[in-house]
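The values are calculated or read from the model by the stated rules, or taken from the named source; none is laboratory data. Bear in mind that the values here come from a model prediction, so they are computed numbers and not experimental data. Methodologically, a virtual Cβ is constructed for each residue, glycine included, from the backbone with ideal geometry; neighbour enumeration extends over all protein chains shown. In case anyone asks, the SASA skips ligands and DNA or RNA and just uses the protein heavy atoms, side chains included. Shrake-Rupley method; radii C 1.70, N 1.55, O 1.52, S 1.80 Å.
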Amino acid sequence: MFKYIKFLSQYFQKERKNIVLIFVLVMLSQTFSLAEPVFYTRILDRFLRDSHNLTKFPTEHAFFVALGITVLAWIGSAFAARIFKNLQQYYVNTVSDRIGINVFNHAYEHVISLPIQFHANQKTGEVFRKISKAREDITTLFSVAFDKIFQNVFSISIVLIYIFIREWRVGVIAVILVPVFIIATSFFTKRVKKIQEEINKRNEKLFGTSFEALNHIEVVKSFASEEHEINQIKEDNKVTHDNVKKKTIAYQQLFFVQGTIVNLARVSLIWFGSVLAFKGVLTFADVILFGVYSFVIYQPLYDLGDIYAKYQEGVSAVDRLQTLLSEKATIFSKPNALKPKKLQGKVEFKNVSFNYNQEREILKDVSFKVEPGKKLAIVGFSGSGKSTIVKLLLRFYEPTTGEILIDGKNIADYNLQALHKRIGLVLQDNILFNTTLSENIRYGTFKASDTEVEASANRAYLSPFLKKLSSGLETLVGERGVKLSGGERQRVAIARSIIKKPDILIFDEATSSLDSHSEEMIKEAISDVSKDVTTITVAHRFSTVVNADEIILLEAGEIKERGNHKALLAKHGKYSSLYQLQTQRQTEDFYSPSSIDKIA
């Protein structure tokens, strides 16, 4: 248990004052609550025993005045108990919810900061479920600890001390106003249900946003948008928390009415019983008192099963959360890492080798250099290591051997987010978020003006497409951009990259899945936006790389040929054979097994 307390203490450090306040409210509410039965004894011992004592009560009026004052004091004590109880419940629920939010924010921030290799080996849904379940269970655990365990321990201790001082005689008094209780409960629960529906809607949005960001982690990282995603989650959590406070208030109104009904019924019964005792009908004050106190002792026994179940769920969530948080980032920024506002754009791979595991080497001693503003194309068969070069340059992975330099400095010397902000990336399957075209283009440069968004869209040749849309840039693209064609998604991705004004542009199979018409439009867009910018293009369609300053042909992770298009054709090697084969057949899938066999 102590290891769990030690681990969880990090989440309630900011709530220490409120936790102390909760303890004080618990003691006040229980003290006033436990004081109520004392009025039983006061009435029974003073008024009923001495009801016919003319010295103390010379007239009937004097008796009822004194009794009325005592009853009013009793009602005041009960009212004070409910006030402190309501405050206690309010702070227990809101503080527990904030602790749950701290758990969620901490875990989410940790997971989104982990490198690509962690996410490649995990099911995003399972990771997200661990985070959300930890929030739910730990919130409940704190609520149970504050609201039941401490409260019951305090109450039982006080009652046992009192009972052991005096002899204990057991008695039970049940006060139930079922109809009134049910009507009041029905009235208030309708309000609670309405608020809960709003909470559910907000939580659905929260889960959708979180899952989408984790599912699109490469886009998030390549645009250095981790902080934006975290802030968006924090904002959603804040709105949810406000709704939880509203629900808590509605619940406390319900509990207040329920408690008041019960307390008034009990007071009325005892008051009326005292009148009857005045007439010599009732006795056994201690039996009634101890009977009431027996509820304090035995009622927690009914809660033990629920408390234990919640405890088990809570500690299980803590175990899962600790396992998740134990994952360490293997790729991170060094202290005082470089944060360039501008790069020259010189890229160099020096004897770089890489493997995901010992069984297969993806890259073998790869070396090349791209001067600022020049264009490099990388071609090769599927699995040759082309996209791995891109991932290494973005520092999604570390090379096994060798080093990667940008402007003469190892990329490990740069701050990761600062580096990603200077690099534009367009993938084969670009992920668009389920929002407007404008917000998708602005992603990663969230403060970009509408003018900048429109200019980027124009440079990416989106204007003809936008003219067909009634809402223009405010058109919703759907989940993962399903409302757009492949070519339209590519152009949005290009606009999203160039609005960053990057110093290095990477196109990773940007036209491989497009038809000929869309490919021509994308080629024009790429040609325009890559002027005077260091450009690295990964492709299997040679038509997209013929104008590159240098072309590298990769095979099984090794550079087999290099040079510009004209020089490679003159060598009559594999590049020339592949180019001729593609041109002759005019096919997009010229890397089929039969084609490979002919040129191998």
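Of interest is the spacing of the C-alpha centroids, which for region 336-407 and region 213-258 amounts to 39 Å.
Between Val153 and Asn355, the modelled labels are 5.6 nm apart [label points 7 Å from Cα along Cα→Cβ]. Ordered from highest to lowest accessible area with the whole protein assembly present and a 1.4 Å probe, Asp549, Asp450, Asp137 read as Asp450, Asp549, Asp137.
Excluding Lys221 itself, what net charge comes from residues whose Cβ is under 12 Å from its Cβ, given Lys and Arg +1 and Asp and Glu -1? Provide the component values of the computation, followed by the final result.
Values: positive: Lys391, Arg395, Lys421; negative: Glu218, Glu226, Glu227, Glu229.
Net of charged neighbours comes to -1.
Applying 1/(1 + (r/R0)^6) with R0 = 60 Å to the Cβ-Cβ distance of Ser527 and Phe23 gives a FRET efficiency near 0.30.
A full extension of the chain between His572 and Asp319 corresponds to an added length of 84.9 nm, given 0.36 nm per residue minus the alpha carbon distance. In this simple spin-label model, placing a label point 7 Å from the Cα along the Cα-to-Cβ direction at both Asn458 and Thr400 gives a separation of 5.0 nm.
Estimated at the nearest 10 Å², the accessible area of His572 is 150 Å² with a 1.4 Å probe. The residues packed around Leu28, meaning those with a beta-carbon under 14 Å from its beta-carbon, carry a net charge of +1 if Lys and Arg are +1 and Asp and Glu are -1. For the listed peptides 381-392, 491-502, 7-18, 407-418, a ranking on the average number of other beta carbons within 10 Å per residue, highest first, reads 491-502, 381-392, 407-418, 7-18. For region 315-365, the residue among Ser353, Thr323, Asn336 whose Cα projects farthest onto the positive side of the dipole built from Cβ charges is Asn336. In terms of the mean number of neighbouring beta-carbon atoms within 10 Å, the peptides 454-460, 226-232 order highest first as 454-460, 226-232.
Here the dipole of region 383-510 is about 220 debye; that uses its Cα centre as origin and unit charges on the Cβ of Lys and Arg (positive) and Asp and Glu (negative). Here each label is just a point 7 Å from Cα along the line to Cβ, and for Ile83 and Lys246 those points are 2.8 nm apart. Per-residue extension of 0.36 nm, minus the Cα-Cα distance of Glu327 and Phe64, leaves a gain of 87.5 nm for this segment.
Between the beta carbons of Glu558 and Thr435, assuming R0 = 41 Å, the FRET efficiency works out to 0.45 to the nearest 0.05.
A Förster distance of 25 Å, applied to the separation of the beta-carbon atoms of Lys339 and Lys369, puts the FRET efficiency at 0.55. Note on region 62-107: Rg/Rh from C-alpha atoms, Kirkwood Rh, equals 1.49.
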